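Note sheet for the following structure.
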Amino acid sequence: MKTVYTVFCTDVIHEGHKNIIKEAEKYGRVVVGALSDKAAIRFNRFPTVPLEERVRMYENLEGVDEVIVQDDIMYDHVIEQLKPDYVIHGDNWREGPESAIRENVLNLLKTYGGELIEVGYTYNPAVKKIDRQLIEKLSMPEYRRKRLRQLIEMTPIVKVMEAHSGLTGLIVEKTIVEHDGRLDQFDAMWVSSLCDSTAKGKPDIELVDMSSRLRTIDDIMEVTTKPIILDGDTGGLAEHFVYNVRTLERMGVSAVIIEDKKGLKKNSLFGTEVEQTQADIEEFSAKIKAGKEAQLTDDFMIIARCESLILEQGMEDALKRCRAYVEAGADGIMIHSRKKDPAEILAFCDEFRRTDQKTPIVVVPSSFNTITEEELSEHGVNIVIYANQLTRSAFPAMQETARDILKYHRAKEVDDRLLPIKEIITLIDEL
Ligand code: SPV
Ligand code: MG
């Protein structure tokens with residue numbers, strides 16, 4: 001009896017999957033791989049049904065003989081163990097990043113004479129509708145909100161990219177790359193005060209008020225499903241912060257990060273070049289505590305950001321504060337630095353982890369940008385935020401285009417470096 005293998009990474013079985021099984025049965029015994037959560041989040045949609053339930057769902061399908069778990073997007077391990085005579089897949093993986101997986105399968109099958117069977121991908125209105133429903137489900141507050149906590153458990157390091165509009169949200173949502181035989185994408189979005197303010201042409205001094213920040217979040221939420229972390233600046237008055245916590249929670253935001261400054265907040269990357277005052281430990285702890293008491297779900301996170309290293313108050317002060325903030329109920333801590341050398345941040349993480357192995361650590365490597373995600377993870381970091389790189393890449397590109405059109409009195413010279421009109425008009429999905 002020959003073995004036919006296919007992998008599923010879906011929460012809902014539709015005609016397309018049934019069609020694959022029907023085809024597979026013609027060739028032999030059907031083994032279905034259930035893609036593990038940690039593999040699925042690297043290129044597919046975030047699972048809303050636990051792995052064990054997905055396995056059971058696939059086992060109950062007519063024509064399926066066995067279900068195994070595939071723990072990686074690439075098939076190496078599974079093919080090595082199972083040596084299937086055939087791998088069967090929809091033909092929709094020939095283009096785009098998924099073609100790297102197809103290459104991987106073809107190379108593995110070649111080593112022992114296995115064969116790839118590709119069947120026409122079913123994309124009828126019923127399948128399309130299921131697809132839309134799955135996406136809509138992920139964008140609902142009750143799914144989106146808890147997803148950050150789930151990601152912290154599921155992945156060694158949660159990768160977060162800045163978004164400040166529907167368009168930048170779409171970039172974070174949809175960008176998937178294949179590099180070195182691996183597929184990858186961002187896990188979540190950071191609604192940065194710096195970039196949200198900059199997009200509105202305003203300074204990053206808490207001038208853009210909460211109503212406007214919420215409007216930005218809503219624009220992003222309209223077109224995305226990934227979890228959102230809000231840069232909440234100082235959190236404002238504790239008496240106001242509690243109301244904002246409830247609003248953010250209700251909208252489906254996963255976390256707010258508030259920093260231990262008071263008075264006129266300026267951007268941290270100014271450091272001590274401008275006057276900035278750190279709040280007392282007691283005062284800031286009370287704000288965290290009030291926020292935690294106000295929230296109603298277990299999903300929402302209030303993360304305390306410590307500015308001691310930015311304001312050159314020393315390592316001991318940073319550690320003392322972060323431990324106090326955790327004591328006050330913070331669900332995570334963010335430690336910031338504007339040094340180019342990551343040594344200071346790593347020393348902090350190592351020391352913090354010596355006494356606290358659990359509380360999530362967040363870092364923003366804008367200045368210490370030589371450090372890799374893997375190295376950060378080895379030092380106990382759970383969330384890495386790329387806080388401003390989209391804004392910083394868009395601004396010079398737009399400025400150069402504006403300059404060149406002024407210079408040449410026409411747009412021909414800039415056209416080659418622009419997104420083709422056809423692509424811009426199809427960038428946004430139609431319902
Ligand atoms: C932001 O992105 O607004 C931040 C991070 O707060 S930083 O600009 O590095 O202070
Ligand atoms: Mg900020």
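General remarks:
- To the nearest 10, the accessible area of H240 is 110 Å² with a 1.4 Å probe.
- The residues packed around D91, meaning those with a beta-carbon under 15 Å from its beta-carbon, carry a net charge of -4 if Lys and Arg are +1 and Asp and Glu are -1.
- Separation in nanometres of the label points that stand 7 Å from Cα toward Cβ, at E293 and D429: 4.2 nm
- Accessible-area rank, largest first, for T10, T372: T372, T10, with all protein chains present and a 1.4 angstrom probe.
- Linear extension gain, M315 paired with E222, 0.36 nm per residue minus alpha-carbon span: 29.4 nm
- The listed residues M334, M210, once ranked by accessible area (1.4 Å probe) with the largest placed first, stand as M210, M334.
- Relative to the Cα centre, the charge distribution of the chain, modelled as +1 at Lys and Arg Cβ and -1 at Asp and Glu Cβ, gives a dipole magnitude of about 740 debye.
- Over all other residues within a Cβ to Cβ distance under 11 Å of G28, the charged ones net out to 0, with Lys and Arg as +1 and Asp and Glu as -1.
- Modelled spin-label separation between K358 and E373, with each label point placed 7 Å from Cα along the Cα-to-Cβ direction: 2.7 nm.
- Values of log10 I(q)/I(0), in the order q = 0.07, 0.09, 0.12 Å⁻¹, for the chain under a Debye, Cα-only, solvent-free model: -0.41, -0.66, -1.05
- The residue list M140, L170, T111 was ranked by how far each Cα lies along the charge dipole of region 68-186 toward its positive end, using unit charges on Cβ atoms, and M140 comes out on top.
- Note: relative contact order over region 138-222, using C-alpha pairs below 8 Å and six or more positions apart, is 31 percent.
- Average accessible area per residue (Å²) across the chain - probe 1.4 Å, nucleic acids and ligands excluded: 49 Å²
- Rounded if a/c under 1.5, otherwise prolate or oblate - region 140-387, Cα gyration tensor axes: rounded
- In sequence order, calculated HN-Hα J values of region 286-302 (Karplus, 6.51, -1.76, 1.60; Hz; x Gly/Pro): 5, 5, 4, 4, 4, x, 5, 5, 6, 5, 9, 9, 8, 7, 5, 10, 10
- Measuring between alpha carbons in the structure, the pairs from K159/K202; K261/K292; K22/K137; K226/K265; K110/K159; K200/K339 lying more than 25 angstrom apart are K159/K202; K22/K137; K226/K265; K110/K159; K200/K339.
- V414-K83 pseudo-label distance in nm [points 7 Å out on the Cα-to-Cβ vector]: 6.1 nm
- Considering only the chain, percent of DSSP beta bridges that pair antiparallel, nearest 5: 10 percent
- Computed from backbone phi, the HN-Hα couplings of region 233-245 come to 6, 7, x, x, 5, 4, 5, 8, 4, 4, 5, 5, 4 Hz, rounded to whole numbers (Karplus: 6.51 cos²θ - 1.76 cosθ + 1.60, θ = phi - 60°; Gly and Pro given as x).
- When you filter the GluC sites (Glu not before Pro) in region 38-100 for DSSP loop state and at most 14 other Cβ atoms inside 10 Å of their Cβ, you are left with E62, E95.
- For W190, the amide hydrogen comes within under 5 Å of the amide hydrogens of M161, E162, A163, I229, counting only partners 5 or more places away or on other chains and with H modelled in the peptide plane.
- Under 5 Å from the amide H of D260 lie the amide H atoms of R305, E307, each residue being 5 or more positions distant or on a separate chain, with H modelled from the backbone and absent for Pro and chain starts.
- When all alpha carbon pairs of region 104-143 are counted in 10 Å bins from zero, the resulting P(r) reads 24, 23, 21, 26, 6 %.
- If you run the Gaussian network model on the chain, springs between alpha carbon atoms under 10 Å, then out of P365, P420, P156 the most flexible one is P420.
- Chymotrypsin sites (Phe, Trp or Tyr not before Pro) restricted to region 91-128 and DSSP loop, no more than 16 other C-beta within 10 Å: Y112, Y121, Y123
- Carbon-plus-sulfur accessible fraction, the chain (probe radius 1.4 Å, protein heavy atoms only): 52%.
- Positive-end residue of G90, L376, L264, charge dipole of the chain with Cβ unit charges: L264
- Summing Lys and Arg as +1 and Asp and Glu as -1 over all other residues whose Cβ lies under 13 Å from the Cβ of D131 gives a net charge of +1.
- Each residue of region 399-404 is assigned a 3J(HN,Hα), and the resulting list reads 5, 5, 5, 4, 4, 5 Hz, derived from the Karplus form 6.51 cos²θ - 1.76 cosθ + 1.60 (θ = phi - 60°), x at Gly and Pro.
- Considering only Q295, Q81, Q70, the mean-square fluctuation computed in a Gaussian network model of the chain, springs between alpha carbons under 10 angstrom, is largest for Q81.
- Multiplying the residue separation of E66 and I117 by 0.36 nm and subtracting their alpha-carbon distance yields 16.5 nm.
- Solvent exposure of D71, expressed as accessible area, is near 80 Å², computed with a probe of 1.4 Å over the protein chains only.
- The heavy atoms of K289 present about 110 square angstrom of accessible area, all protein chains included, probe 1.4 Å.
- Antiparallel %, DSSP beta bridges [both residues in region 82-200], to 5: 35 percent
- Top of E400, E239, E375 by mean-square fluctuation, Gaussian network on the chain, Cα under 10 Å: E400
The values are calculated or read from the model by the stated rules, or taken from the named source; none is laboratory data. If you're wondering where the values come from, they're calculated on a predicted model, not measured in any experiment. We place every Cβ from the backbone using ideal geometry, glycine too, and count neighbours over all the protein chains shown. Accessible surface areas use protein heavy atoms only, side chains included; no ligands, DNA or RNA. Shrake-Rupley method; radii C 1.70, N 1.55, O 1.52, S 1.80 Å.
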